[in-house]
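**Student:** Take this structure first; my questions come after.
Since every read-out is calculated from the coordinates, none of them should be taken as a lab result. For clarity, every value in this text was computed on a predicted model and none was experimentally measured. A quick note on method: Cβ atoms are made from the backbone with ideal geometry, for glycine too, and the neighbour counts reach across all protein chains shown.
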Amino acid sequence: MRRSFLILALWTLAAAIPTSPASGQQANELKPPFNTYWGLTKDKLLLNIEGAKAKVVQTRNVNGREALTVEGLLFPKLKRVIFFFSEGALNEVELQYGEDYWDSSGYNEFFDNWRRTLESKYGIGRLITRTRKRDGETLVTIIGYQWAQVGTTLQLYYFSADKGADGFRIVSLHYRGS
């Protein structure tokens, strides 16, 4: 009993220690977006979506989780949001950003601005991937950074796939509950 109390006390203390942001000030708490929370039920989320006048455009199963793709949330440059549920409880939110008129430099600038904003809030992000490779005739580039706190991980990704004059790009934020 005493040992489990000590472990719980140490765990609580560790959870209270913030990640230091670049400015040396205390980091903000990482929370899922749109006033959601981990464990939120799909029914409650659907009420919020309806209240925001957005709509679910796709429901599918992704690796054993239910995924709801939502469009129409009025935030600058936000194309869509995917809410992931495991056993009926929210456990991930993916925000996808972009503009039809952006070229690669527009996406790069948006990605870099997001990275700097997140670093000012949560500290220096950890580079988790930087790859550039050919897949047949397509050149694929992926850059990703991660911020982690007890209970939530945030990942920022830049993805591009270019085949000749054709290309696809997206910047995405992935909030994951643990």
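**Student:** Roughly speaking, what is the centre-to-centre gap between region 118-178 and region 24-95 when only Cα atoms are used, to the nearest Å?
**Tutor:** Measuring centre to centre over Cα atoms gives 19 Å.
**Student:** Under the definition of Cα pairs under 8 Å and six or more residues apart, what whole-number percent is the relative contact order of region 21-177?
**Tutor:** 22
**Student:** Let me ask you something else. Compute, for the chain, the length of the dipole vector about the Cα centre, with Cβ point charges of +1 (Lys, Arg) and -1 (Asp, Glu) only. Units Debye, rounded to 20.
**Tutor:** For this selection, approximately 560 debye.
**Student:** Using a 10 Å cut-off around each Cβ, can you sort Phe85, Phe168 from fewest to most neighbouring Cβ atoms? Please report the intermediate quantities before stating the final value.
**Tutor:** Details: Phe85 18, Phe168 12.
Taking fewest neighbouring Cβ atoms as first place, the list is Phe168, Phe85.
**Student:** Within the chain, how many Lys pairs that are eight or more residues apart, or on different chains, come under 28 Å at the alpha-carbon?
**Tutor:** Lysine pair count for the chain: 26.
**Student:** What angle, in degrees between 0 and 90 and rounded to the nearest 10, separates the Cα long axis of helix 2-16 from the longest principal axis of the Cα atoms of the chain?
**Tutor:** It is inclined by approximately 40 degrees.
**Student:** Could you give P(r) for region 124-169, binned at 10 Å from zero, as whole percent values over all Cα-Cα pairs?
**Tutor:** All Cα pairs, binned at 10 Å, distribute as 26, 40, 23, 10, 1 percent.
**Student:** Follow-up. What percent of all Cα-Cα pairs in region 21-177 falls in each 10 Å bin, counting up from 0?
**Tutor:** It works out to 10, 35, 36, 17, 2, in whole percents.
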